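Participant: After the structure tokens below, expect a handful of questions from me.
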């Protein structure tokens, strides 16, 4: 057993089942204890020039490599329900992993994963440090050699988390996340993966009627009745955008609670967005991917290094610190 595994995938093309390399770094007691690196032959042997120019891999490098299902037989034992898995911009890497599993009809494990962006944000909040792996590792004095080599990036991610845990005098990543409960800790089994790097079909289709929950305007929200806010509240002074249908409370109520906590509501996602709260989407409106245009834009900005946290409704309610108490 180890405290956590840091991983990084590189992909061959826009399809997120096209993993062509994987780096795994194992950490125990805040020390790197093992590393693994794999070249992977994607299901379809096609390399997009844009991706090859980033990670340096091409068809000739992986034509004799094993496919993901073969590699998974070697590593699947590591992904148990007791393990923490970490990646920088974890939604991307977790989506790649899940797409690869689904491509080969492999059982989906249930483990816990966290993103090193919010983990490291907690350790350097207020400093204006960019969210990219390059900028975060630089802030903590970590050398990032061979950026976009899967093992090098996984190692840098592991070192980043180790430095954050040490900076806050915690014994482990699990203890760190237990202390700072605003860090989203998620179940891999429940992940709804993105299927492509830039999914044009994920943009909202505005034909037909817009559902009622999409008709809440910021102007409908009453200004906060006080200016004596809790400045330590995670939403204080932050820009929040909502998308989709919330189940536990209506969107207008949720938006009002943000304002009452000192948060700032915005109608669209931009580089200034801090949180995007996502609810259930109508696929008749947003397409088969289930992603609204707001979520697609947020993920594109995250890929460019912008520090945006995408929250599920459960994440959102947790950050309200138990403020919501609804009867069933």
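Participant: Rounded to the nearest 10 degrees, what's the angle between the helix 293-303 long axis and the longest principal axis of the chain, both from Cα atoms, 0 to 90?
Facilitator: That helix lies at roughly 50 degrees to the long axis.
Participant: On a full-extension model of 0.36 nm per residue, what is the gain between residue 270 and residue 110, subtracting their alpha-carbon distance, rounded to one decimal in nm?
Facilitator: 54.3 nm
Participant: How high is the relative contact order of the chain, given as a whole-number percent (alpha carbon pairs under 8 Å, six or more residues apart)?
Facilitator: Computed over the chain, the figure is 17 percent.
Participant: Now for a separate question. Length gain on complete extension for the stretch residue 179 to residue 138, per 0.36 nm per residue less the alpha carbon to alpha carbon distance?
Facilitator: 12.3 nm
Participant: Students often check this: by mean Cβ neighbours within 10 Å, which of 175-184, 157-166, 68-77 ranks highest, and how do the rest follow?
Facilitator: Sorting 175-184, 157-166, 68-77 by mean packing, highest first, produces 157-166, 175-184, 68-77.
Participant: Now, a different point. Angle between the Cα long axis of helix 90-103 and the longest principal axis of the chain, 0 to 90 degrees, nearest 10?
Facilitator: Result, in degrees: 60.
Participant: Which order, highest average first, do 131-140, 9-18 follow once you tally other Cβ atoms within 10 Å for each residue and take the mean per peptide?
Facilitator: Sorting 131-140, 9-18 by mean packing, highest first, produces 9-18, 131-140.
Participant: Using a 10 Å cut-off around each Cβ, can you sort 144, 311, 102 from fewest to most neighbouring Cβ atoms?
Facilitator: Placing the least packed residue first, the sequence is 102, 311, 144.
Participant: From the Cα gyration tensor of segment 4-187, with a ≥ b ≥ c the square roots of its eigenvalues, which class applies: rounded if a/c is under 1.5, or else prolate if a/b is larger than b/c, or else oblate?
Facilitator: Since a/c reaches 1.5 and a/b is larger than b/c, the shape of segment 4-187 is classed as prolate.
Participant: Here is a further query. Using just the helices of the chain, give the 222 nm mean residue ellipticity in deg cm²/dmol: DSSP H runs with n ≥ 4 each add -39,500 (n - 2.57), and the total is spread over all residues, rounded to 500.
Facilitator: -9000 deg cm²/dmol
Participant: What angle do you read, to the nearest 10 degrees and between 0 and 90, between the alpha-carbon axis of helix 251-260 and the longest principal axis of the chain?
Facilitator: Taking Cα atoms only, the helix is inclined about 80 degrees.
Participant: Which parts of segment 1-19 would a label at residue 35 reach, counting a residue when its backbone N lies under 11 Å from a point 7 Å out along Cα-to-Cβ?
Facilitator: Output list for this probe position: empty.
Participant: When Cα Rg over 2.2 N^0.38 Å is calculated directly from the model, which label among (1) 0.94; (2) 1.01; (3) 1.14 fits?
Facilitator: The listed entry that was calculated here is (2).
Participant: So for the chain: antiparallel DSSP bridges make up what percent, rounded to the nearest 5?
Facilitator: Here the share of antiparallel DSSP bridges comes out near 55 percent.
Participant: How far apart, in nm, are the 7 Å Cα→Cβ label points at residue 59 and residue 44?
Facilitator: 1.3 nm
Participant: OK, next. Once you sort the root eigenvalues of the Cα gyration tensor of segment 58-130 as a ≥ b ≥ c, which label holds: rounded (a/c under 1.5), prolate (a/b larger than b/c) or oblate (the other case)? It would help to have the intermediate numbers written out before the result.
Facilitator: On the way: a/c = 2.99, a/b = 1.67, b/c = 1.79.
Here segment 58-130 falls in the oblate category.
Participant: Extension gain residue 217-residue 82, at 0.36 nm per residue separation less the Cα-Cα distance, in nm?
Facilitator: Fully extending the segment from residue 217 to residue 82 adds 44.3 nm.
Bear in mind that the values in this text are calculations on the coordinates, not laboratory data. Fair warning: this is a prediction, and the values are worked out from it, not measured in the lab. We place every Cβ from the backbone using ideal geometry, glycine too, and count neighbours over all the protein chains shown.
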